[in-house]
1. Report the FRET efficiency, 1/(1 + (r/R0)^6), for Asp435 and Glu337, where r is their Cβ-Cβ distance and R0 is 35 Å, rounded to 0.05.
2. Could you compute the longest span of the chain free of chymotrypsin sites (Phe, Trp or Tyr not before Pro) located in DSSP loops and having at most 14 other Cβ atoms within 10 Å, not counting the site residues?
3. Please work out the FRET efficiency for the pair Lys104 and Asn153, using the Cβ-Cβ distance as r and a Förster radius of 45 Å; give the result to the nearest 0.05.
4. In the chain, with Lys and Arg counted as +1 and Asp and Glu as -1 at Cβ, which of these residues, Ala285, Ala102, Asn143, has the Cα nearest the positive end of the dipole, that is, farthest along it?
5. Please list, short to long, the whole-number percent of alpha-carbon pairs of the stretch 386-524 in consecutive 5 angstrom bins beginning at zero.
6. Which value, in debye to the nearest 20, gives the size of the charge dipole of the stretch 282-379 about its Cα centre, when Lys and Arg are +1 and Asp and Glu are -1 at the Cβ?
7. Mind checking which of Leu208, Leu227, Gly174 is farthest towards the positive end of the stretch 158-279's charge dipole, using Cβ charges of +1 (Lys, Arg) and -1 (Asp, Glu) about the Cα centre?
8. Only counting other Cβ atoms within 10 Å, I'd like Ser522, Ser416 sorted with the fewest neighbours first.
Amino acid sequence: MVENKSRFAEHDEKYADFAAMLDEFPTMAISQDEIRKGTVNAVRKDFVLVEAGGKSDGIIHASEFTPEELANLKPGDKIDVVVVGWTDDKGNIALSKEKAAAIKIWEVVERAYETGELVHGTIVAKVNGGLAVDIGVKAFLPNSQVALRPIKNVDDLIGKDFDFKVIKFDKKKGNIVISRRDLLEKEREVLKNTTLEKLQEGAIVKGLIKNITYYGVFVDLGGIDGLLHITDMSWGRVNHPSELFKIGDEVDVKVLKYDKDSERVSLGVKQITEDPWIHAAEKYAAGKTVKGVVVSLEDYGAFVELEKGVEGLIHISEMSWTRRVKHPGKMVAIGDEVEVKILEIDVENRRISLGMKQIEPNPWELLQDKYPVGTVVKGTIRNITNFGLFVGVEEGIDGLVRTSDITWDRKLKHPSEYYKKGDEIKAIVLNIDSDKQRFSLGIKQLTEDPWKMFKDQHNAGDKIEVEVARVAEFGIFVKVFDIIEGLVHKSELEEGKEYKPGDKLEVTIKSISDADRKVSLSIKGNTEDPENPEAPEADEDAPVLEKVPEKLGSLGDAFKAAENDK
């Protein structure tokens, strides 16, 4: 019809002064725009001769016929024609079959506009503000009249046939506006009345998903919409309705509530099936081992679907005995089938706690049998802190060697003075606490305590050979045995003699204090003797421990620490 319209335009342009020509031929029997039945007299290559009631045959250009129409046309056939002008000065009449058809169509459209009758047409193109529709002539379908609700992609309608209502008509301007919405509203009203008659609570009906929001979906039940809330979609957890539905889906829904006055309808899908939680307590009793599929991951754990509508949570703390899980994605992925143990079930709140690590024996409980206290183990230093060394004993299990258990030497301030990360060491098992998952190791315990060795071999009054370690204002520190130092107070030194590090001396042991691991010495040969009333008293001017200056050194530091421990 669009092509025909263009040919009409050519005729109109060629014969624009047709009215003036009619004035020159007042005796003409056929008037302009009058549709007549013509009879085909002859079919030529470029034109068709038609007798239309005039004194001469009329001529219709062959371009007004399709090749198929022209091939089937024969003398005697009747066709509708209208006069459009003159072909030559001999009085031959120019006729048009297409213009006659157009006039008839305009008459049909005008009648449809006046009576409310429907016209049929095909949507042919998208234009500014709406769609172009071929109803025999070109008509305009505004976007607001396409459907009851806006359509996201109107391109899908191109090429489709519909019935339309003519809502505006101006023949002079060639303006026709049509609507499809009016028809749909009437159809919907009829359908709505039918639906309302059979709608009742508890009924299961079919509907179409027409809109999706974060809180639910709207379902067209047939002229009336119902709301399917997100909580009524599934017995399981739903993050967003779009996970289950898309616009245009046909669904079976159950009418949960129907208010006739407000025409509000609440719908449910999960209510069509039995609540799986009814039998959950029997099927998922604590202690049972079951299988499920990971359906969601959160920072705090993974949700596992045990069956449709029943999910449980594996908290990250229940995923591994030995690994510190920061995110469940490090252990499982959505879609994984996992074997889990039921830890706890709360049917009332629809919660099930699951465990992955419980499927395997707790390695911490096996440690006590595998590594009894006193067992020597080998491991690699995985981390160093100021309070000790973390030593990898088994996959995922570290033992801790505290700083105080690294060496008998009390001068050690930081483990990095002795070791570095990656060093392989030996250590002895001191203690295992499987409940708190603590594995205590010791390195110094691999060797005998030098203090014990010294104490077992020496007594007060013994004379021993020593070497000056350092000199202080209140005396000198000397190496007594291995890492053990003793103090010769200035009152026990020979008067007037100077001492320096490295000097070899012979001293007498005055006392051995096992409580604070101190050795007091004398060069003068004095020793502590509780039974000797003439034993010299302590020098009142001797500095007490709390007044030991910071420059005292490592043994002084040890003495001070021991005093603070008291």
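1. Working: r = 32 Å, r/R0 = 0.91.
With R0 = 35 Å, the Cβ-Cβ based efficiency is 0.65.
2. On the way: sites that count: Tyr214, Tyr215, Tyr300, Phe387.
The segment 1-213 is the longest one with no such site.
3. Details: r = 35 Å, r/R0 = 0.78.
Step by step, r from the Cβ atoms, then E = 0.80.
4. It is Ala102, whose Cα lies furthest towards the positive end.
5. Computed distribution, short to long bins: 2, 9, 17, 16, 13, 11, 10, 8, 7, 4, 2, 1, 0.
6. Details: 14 positive and 16 negative charges, 90 e Å.
Using only the charged Cβ atoms, the result is roughly 440 debye.
7. The residue sitting farthest along the positive end of the dipole is Gly174.
8. On the way: Ser522 19, Ser416 12.
Final ranking by Cβ density, sparse to dense: Ser416, Ser522.
All of the numbers you see were taken from the coordinates with simple rules; none came from a lab. Worth saying up front: this structure is predicted, and the values here are computed from it rather than measured. Positions of Cβ are backbone-derived with ideal geometry, glycine not excepted, and every protein chain shown enters the neighbour counts.
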